[in-house]
Amino acid sequence: MEFVGAHILSVGQFDRGDIERIFSVADDLRPYATRRRVTRVLQGAILSNMFFEPSTRTRISFGSAFNLLGGEVRETTEVKASSLAKGESLHDTARVLSGYADVIVMRHPETGSVAEFAEASRVPVINGGDGPNEHPSQALLDLYTIKQEITARGRGIDNLRIALVGDLKYGRAVHSLCKLLSLYDDVTYHLVSPPELEVPPDIDEHLRARGHVVNTYHDLETGIHNVDILYVTRTQEERFPTQEEADRYRGLFRLNQHIYTQNCEPNTVIMHPLPRDSRATAQELDADLDQNPNLAIFRQTDNGVIVRMALFALVLDVADQVHDYAQPVTWYTAKRTPG
Ligand code: CP
């Protein structure tokens, strides 16, 4: 794809070459993402960060990524704090904001809303999550993490075996990751969920049509055998028609150290898009796994900054100029705890 000036709305836009390009730029940006070097390549540029649903990782890491490239960030964090609450359309909001910013990241509770917004925007729009539909930047950082973890174990993404566990119906991170992985060869998917929360039929059909092995499980302990990656998700309570319905699934599948040891191959990588639900009634990923070296969840979140920097660098066409605008680091003390 042509990245310069493009909207990033769906992982369906990418082929394997595009992913390699994003990951190569991300690798190049690592010293800046980790604050060992500083660049001002986007000095004077403005990001409008529009989040109409709660977020910690996506909003802050997109904002940090833009700051780390030298740009400035303007935030809108609730519908009620914007004129959408006064009946303004997504079209008009996009027309206005694209006069104020050079790139826009948007999260919205409705499927297709970010694409609708992008149609009216005169600057690139990146989908930060549209309802239960897609979360493309999450899938990219997940795949970047999978590549790192699997490479360290002497393997590649082709022939990957992955279990996706939890609410596969409403989990947009799962939907985007499933589709992104389908670009690779001979992936085996273990789809582990309650029967009512299986992956949407169109995604299941897409994976099978591409020749991948898709196995469906309704039992956690059976589904997590013989995989390289265990990708756990929370029940997306906010997507259910009623709280009562969501409560039926809360805490149904819980991965802890004992279940992991009993059922998983040694060194199976544990991932989660986060947030994990740490309330006593949920705990789909128990804190007793926190000392397990195969738990990659915070390596995932760190990678979010790097991959989002790469997206900005590519759509704003500065990927080849980052080092030209580098400045000496005067404040870095390297006091961070490695982890
Ligand atoms: N993974 C993810 O999208 O997290 P946030 O909702 O905190 O952004």
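The values are calculated or read from the model by the stated rules, or taken from the named source; none is laboratory data. Note that the structure is predicted; figures quoted are calculated from it, not measured. Note that we place each Cβ from the backbone using ideal geometry, even for glycine, and neighbour counts take in every protein chain shown. SASA here: full protein model, heavy atoms, side chains in, ligands and nucleic acids out. Shrake-Rupley method; radii C 1.70, N 1.55, O 1.52, S 1.80 Å.
Assorted remarks:
- Scanning the range 29-78 for residues that are over 14 Å from Asp102 (Cα atoms), part of a helix (DSSP H, G or I) and away from the ligand (no atom under 16 Å from the Cβ) yields Leu29, Arg30, Pro31, Tyr32, Ala33, Leu68.
- Residue count for the range 247-271 under the criterion of being among the polar types (S, T, N, Q), out of contact with any Leu (no Cβ under 7 Å at 6 or more places or on another chain) and open to solvent by 30 Å² or more (accessible area, probe 1.4 Å): the result is 3.
- Qualifying position, being in contact (Cβ under 8 Å) with a residue 40 or more places away in the chain and outside the structural domain of Val227 (by TED's automatic domain parsing), among Gly129, Gly166: Gly129
- Screening Ala280, Ala334 for residues that are over 24 Å from the mean Cα position of the chain (by Cα), closer than 30 Å to Arg40 by Cα, outside the structural domain of Phe52 (by TED's automatic domain parsing) and at pLDDT below 95 leaves exactly one candidate, Ala334.
- The range 93-132, subset within 13 Å of the ligand (Cβ to nearest atom) and either in contact with a Lys or Arg (Cβ under 6 Å, 6 or more places away or on another chain) or modelled with pLDDT under 95 (or both), residue most open to solvent (accessible area, probe 1.4 Å): Pro132
- Inside the range 37-67, residues that are closer than 19 Å to Leu140 by Cα and over 19 Å from the mean Cα position of the chain (by Cα) make up a count of 0.
- Failed condition for Leu274, given (1) open to solvent by 20 Å² or more (accessible area, probe 1.4 Å); (2) over 20 Å from the mean Cα position of the chain (by Cα); (3) within 16 Å of the ligand (Cβ to nearest atom): (2)
- Residues being of a type outside the set (A, V, I, L, M) and either touching a strand residue (DSSP E or B) at 6+ places or on another chain (Cβ under 6 Å) or open to solvent by less than 20 Å² (accessible area, probe 1.4 Å) (or both) - total across the range 222-239: 4
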